[in-house]
Amino acid sequence: MSKIDEIINGVLAGNRRKIAKAITIAESSPEEAKNLIASIYPHTGKAQIIGLTGPGGAGKSTLIEKMVREYRRRGKTVGVIAVDPTSPFTGGAFLGDRIRMQELSTDEGVFIRSMATRNNPGGIAKATKDAVKILDAAGKDVIIVETVGAGQSEVEIIKVAQTIIVIHAPGLGDEIQAIKAGIMEIADIFVVNKADRENADKAVMDIQAMLQLDNKEKPWTPPIIKTVALTGEGVPKLIEKIEEHWQFLKKELLHKRSLEKAEAELIEAIKEKVTSSIIEKLKREKRFEKVLQQIVEREIDPASAAEKLLNQELE
Ligand SMILES: Nc1nc2c(ncn2[C@@H]2O[C@H](COP(=O)(O)OP(=O)(O)O)[C@@H](O)[C@H]2O)c(=O)[nH]1
Ligand SMILES: [Mg+2]
């Protein structure tokens, strides 16, 4: 078996070392990554993908650690991709409690990876999307992507997610301004973290005020959840909201499909109705038979005859 086939088989079997190798390929060699993704693609599309974005220091990595634990309690396997060079999962705040982290890193149902933002010829957005597909093919039930909500490429990355969480915390300076730029409108759920601090309620009210400015009719209103990522407070409620949004998406999709089906059926019914009523009319006015005769006599071909008759109809 070739090296790449070994990696593909390993990924599909959920082997951690092969998953890690596959992600490294996605980060460093676009050509090889293309073939890898083509091979695993049929096995993707099953995972629930969650994006978490917001300013640095809001508590994204800390919150993700608690979310992972909550999903594990619920029997789900989890993959985490962090695209946050300012606070990587290796050595950053996420490792604040090394012992508890170690527990997660030996759990076969969890895969955590920080993306290398350097040495990345294909672009970080592309590599991240590939990494998500790799974890999806590897059978992870839930995939969480962490990005620092700032530039265009972060917004681009986070759009791979089905549910986008915009996180915010009091005491980050002109914080609302930071989340206003571009990511506000893509949020499905807002989190105000560090609810143990004063001003958390003010942050909630600021977001509420912003949501009210946008008075477009929407099928889903983004809820605002308060959390304390340090203790895990509010995390079960957040997971519930994510589930709710997931169910909403499914319903929307079902609704969209029924609309498409209804459209096809309506068009079919109209075609039938229009055709038979025109033909009846032509027959009643004896024009049908007249043209029929002309076709038999080779005076006109059927297509031109139909065109002529319909043009007369439309005049
Ligand atoms: N007081 C308080 N501090 C928190 C909370 N969540 C995270 N932090 C702290 O905020 C800092 C940034 O957290 P981190 O998860 O690295 O934020 P990220 O940059 O958004 O990933 C760390 O020092 C955390 O310990 C919280 O709920 N309350
Ligand atoms: Mg972080």
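The values are calculated or read from the model by the stated rules, or taken from the named source; none is laboratory data. Given the structure is predicted, the values throughout are model-derived calculations rather than measurements. Cβ coordinates were reconstructed from backbone atoms using ideal geometry, including for glycine residues, and neighbour counts include every protein chain displayed.
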Taking segment 125-153 as the search range and keeping residues that are farther than 24 Å from His43 by Cβ and surrounded by fewer than 24 Cβ atoms within 10 Å (Cβ to Cβ), which one is modelled with the lowest pLDDT? Ala150
Any residue in segment 204-224 that is assigned by TED's automatic domain parsing to the domain that holds Glu240 and on the phi < 0 side of the Ramachandran plot sitting within a Cβ distance under 9 Å of a residue that is outside any loop (DSSP other than H, G, I, E, B) and of a type in the set (D, E, K, R)? List the pairs, counting only those 6 or more apart or interchain. Val204/Lys226; Asp206/Glu175; Met210/Lys180; Asp214/Glu185; Pro219/Glu252; Trp220/Glu252; Pro223/Lys241; Pro223/Glu244
Every residue in segment 289-306 that is surrounded by 10 or more Cβ atoms within 10 Å (Cβ to Cβ), under 56 Å from the mean Cα position of the chain (by Cα) and in a helix (DSSP H, G or I), please. Pro302, Ser304, Ala305, Ala306
Test result for Lys218, assigned to a helix (DSSP H, G or I) and not hydrophobic (A, V, I, L, M, F, W, C): no
Among the listed residues Lys34, Lys66, Lys46, identify the single one that is under 16 Å from Lys140 (Cβ atoms) and out of contact with any Phe, Trp or Tyr (no Cβ under 6 Å at 6 or more places or on another chain). Lys46
Considering only residues that are in a helix (DSSP H, G or I) and either more than 16 Å from ligand 1 (Cβ to nearest atom) or surrounded by fewer than 21 Cβ atoms within 10 Å (Cβ to Cβ) (or both), which ones fall in segment 46-61? none
If the Cβ limit is 6 Å and pairs must be 6+ apart or interchain, which residue in segment 44-67 that is more than 13 Å from ligand 2 (Cβ to nearest atom) pairs with which residue that is in a strand (DSSP E or B)? Ala47/Ile143; Gln48/Val142; Ile49/Ile143; Ile50/Ile144; Ile50/Thr163; Gly51/Val145; Gly51/Ile164
Among the residues of segment 237-288, write down those that are acidic (Asp, Glu), farther than 20 Å from Lys46 by Cα and in a helix (DSSP H, G or I). Glu260, Glu263, Glu265, Glu268, Glu272, Glu280
Specify which of the listed residues (Lys237, Lys202) is more than 22 Å from Leu172 (Cα to Cα), of a type outside the set (Phe, Trp, Tyr) and within 16 Å of ligand 1 (Cβ to nearest atom). Lys237
